[in-house]
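J.: Have a look at this one before I ask anything.
The values are calculated or read from the model by the stated rules, or taken from the named source; none is laboratory data. It should be emphasised that the depicted structure is a prediction, and the values quoted were computed from it without experimental measurement. As a convention, Cβ positions derive from the backbone with ideal geometry for all residues, glycine included, and neighbour counts pool all protein chains shown. Protein only, heavy atoms only, side chains kept; ligands, DNA and RNA dropped before computing areas. Shrake-Rupley method; radii C 1.70, N 1.55, O 1.52, S 1.80 Å.
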Amino acid sequence: MISVIIPAYNCEQYIGQAIDSALGQTVDEELEIIVVDDASKDGTKGAVRGKNTSGKGRTIRCHVNACNMGAAESRNIGIRMAAGEYIAFLDADDWWQKDKLQKQLKCIRQTGAPLVYTGRELMRSDGSPAGKVIDVPESATYESLLRTNCIPCSSVLMKTEIAREFYMCHDELHEDYILWLRVLKRYGRARGINEPLLKSRLSEGGKSRNKLKSAKMHYGVYKYMGIPTWKAVGLFICYVVNGIRKYK
């Protein structure tokens, strides 16, 4: 079984597409979609409960937080709830190509990688293509990931037992980036599929849209990971240069 974890906050407009893309995966494995509603104030909960799980081997579970806890802890709740051997993360405003999990499951079983990520196509807030595909390398190590975070959170498939070793932390930083670094520092090489199997919506409220704030958060990850200042400065320069190349 694969457990798909979707943290959700005030995303009534988008979450149906995210759930449908998970339900429609061509992978033969059973899927459970775990939506963690982070105390939304709109109709997110109703939108989730209105989804049809008539497909074979597909279920939806919805947990509603008593108060707003943030994306990191909402994902952690999903990790604790997961019954699957593997976990896939999906943000509520993103969606997947139908063969994403099928290709990733084959890759993770063949390589034994702790996690597998994919490329992504950037989409406008209305769901139309923004005209940009972000490529990814075929593998990533701890050292290469320090220079640039090439792993989109909504693209990751990883082993549940490994996710439960670390969980996510520090919502005020890039909590997913911290997790990938900690995993690769212990387990070595992650694998990438350089295909835009993830459709990544450019939502106005996303943390990464404010580039100055995102840069400060990125440098904060270096400090959290205990990187010496002299090395952190050099890595940060690499991050800036790679960011310019990625989005130009």
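J.: Out of LYS56, LYS106, which single residue is more than 17 Å from the chain's Cα centre (by Cα), of a type outside the set (S, T, N, Q) and part of a helix (DSSP H, G or I)? Give the derivation first.
T.: Numbers: LYS56 fails: part of a helix (DSSP H, G or I).
So the residue among LYS56, LYS106 that is more than 17 Å from the chain's Cα centre (by Cα), of a type outside the set (S, T, N, Q) and part of a helix (DSSP H, G or I) is LYS106.
J.: Another question, then. Filter region 81-100 down to the residues that are in a strand (DSSP E or B), over 24 Å from GLU12 (Cβ atoms) and not aromatic (Phe, Trp, Tyr) and list them by number. Steps first, answer last, please.
T.: Of all residues in region 81-100, those in a strand (DSSP E or B) come to 86-89, 95-96.
With the extra rule that they be over 24 Å from GLU12 (Cβ atoms), the set shrinks to 86-87.
Correct list: ILE87 only.
J.: Can you name every residue in region 1-52 that is surrounded by fewer than 15 Cβ atoms within 10 Å (Cβ to Cβ) and touching a strand residue (DSSP E or B) at 6+ places or on another chain (Cβ under 6 Å)?
T.: Result: GLU29, single match.
So that you can scan it fast, the table gives a plain yes or no per residue for (1) part of a helix (DSSP H, G or I); (2) among the β-branched types (Val, Ile, Thr); (3) free of Cβ contacts under 8 Å to residues at least 24 places away in the same chain:
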site	(1), (2), (3)
SER21	yes, no, no
THR26	no, yes, no
GLU29	no, no, no
VAL36	no, yes, no
LYS45	yes, no, yes
LYS51	no, no, no
CYS67	no, no, no
ILE79	yes, yes, no
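J.: Give LEU197, LEU212, LEU179, LEU184 a once-over and let me know the one that is free of Cβ contacts under 8 Å to residues at least 12 places away in the same chain and either part of a helix (DSSP H, G or I) or touching an Asp or Glu at 6+ places or on another chain (Cβ under 9 Å) (or both). It would help to see each step written out before you state the result.
T.: Working: LEU197 fails: free of Cβ contacts under 8 Å to residues at least 12 places away in the same chain; LEU179 fails: free of Cβ contacts under 8 Å to residues at least 12 places away in the same chain; LEU184 fails: free of Cβ contacts under 8 Å to residues at least 12 places away in the same chain.
Among LEU197, LEU212, LEU179, LEU184, only LEU212 is free of Cβ contacts under 8 Å to residues at least 12 places away in the same chain and either part of a helix (DSSP H, G or I) or touching an Asp or Glu at 6+ places or on another chain (Cβ under 9 Å) (or both).
J.: Among ASP126, ASP99, which is the only one that is under 19 Å from VAL4 (Cβ atoms), open to solvent by 30 Å² or more (accessible area, probe 1.4 Å) and among the acidic types (Asp, Glu)?
T.: Working: ASP126 fails: under 19 Å from VAL4 (Cβ atoms).
None of the other options fit; the residue is ASP99.
J.: Out of curiosity, is VAL116 buried (at least 22 other Cβ atoms within 10 Å of the Cβ) and more than 30 Å from PRO137 (Cα to Cα)? Give the steps one after another, and end with the answer.
T.: Working: buried (at least 22 other Cβ atoms within 10 Å of the Cβ): yes; more than 30 Å from PRO137 (Cα to Cα): no.
The answer is no for VAL116.
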